[in-house]
1. Just checking, how many residues over segment 70-87 are charged (D, E, K, R) and open to solvent by 90 Å² or more (accessible area, probe 1.4 Å)?
2. So, in segment 3-24, exactly how many residues are within 29 Å of W86 (Cβ to Cβ), outside any loop (DSSP other than H, G, I, E, B) and open to solvent by 70 Å² or more (accessible area, probe 1.4 Å)?
3. Which members of segment 25-43 meet the condition of being assigned to a helix (DSSP H, G or I) and surrounded by fewer than 11 Cβ atoms within 10 Å (Cβ to Cβ)?
4. Can you spot a residue in segment 44-62 that is of a type in the set (A, V, I, L, M), open to solvent by less than 100 Å² (accessible area, probe 1.4 Å) and not in a helix (DSSP H, G or I)?
5. Quick one: what pairs do we get from segment 34-62, first residue in contact (Cβ under 8 Å) with a residue 12 or more places away in the chain, second in a loop (DSSP other than H, G, I, E, B) and open to solvent by less than 60 Å² (accessible area, probe 1.4 Å), C-beta under 9 Å, 6+ apart or different chains?
Amino acid sequence: GFVPGLFGTSHGALQFMAYEDLKERYNKYRNRVSDTKLNTVEYIMMAAVSKIFAVVATYPYQVVRARLQDQHNTYSGVLDVIRRTWR
């Protein structure tokens, strides 16, 4: 329901946070003003790295959610899904 759905929204939030932090650090490294626009290659790299970070951070949640929705297996709860998946 509602609580697991809230965790699903964290993917976009993490990606946005990582993108903004990477952009700020990169511009600082290049001795630019923090809101300097990136060129195309820089933009693609920042977007890709921030997406990878968000996927790695939220993928375990996606697996647990999908297994909870699976009608062919019976689980006693979230912890049971995590234990059985880990095993």
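The values are calculated or read from the model by the stated rules, or taken from the named source; none is laboratory data. This one's a predicted model, so the numbers in the text were calculated from it and none came from an experiment. With ideal geometry, Cβ positions are generated from the backbone for all residues, glycine too; neighbour counts draw on all protein chains shown. Remember, those area values only see protein heavy atoms, side chains included, never the ligands or the DNA or RNA. Shrake-Rupley method; radii C 1.70, N 1.55, O 1.52, S 1.80 Å.
1. Step one: list which residues in segment 70-87 are charged (D, E, K, R), which gives 70, 80, 83-84, 87.
Add one more test, that the residue is open to solvent by 90 Å² or more (accessible area, probe 1.4 Å), and what stays is 83-84, 87.
Residues meeting the conditions: 3.
2. Looking only at that region, the number is 4.
3. If we filter segment 25-43 for residues that are assigned to a helix (DSSP H, G or I), which is where we start, we get 25-29, 40-43.
Y29, T40, V41 - these are the residues of segment 25-43 that are assigned to a helix (DSSP H, G or I) and surrounded by fewer than 11 Cβ atoms within 10 Å (Cβ to Cβ).
4. No.
5. Filtered contacts from segment 34-62: M46/L38.
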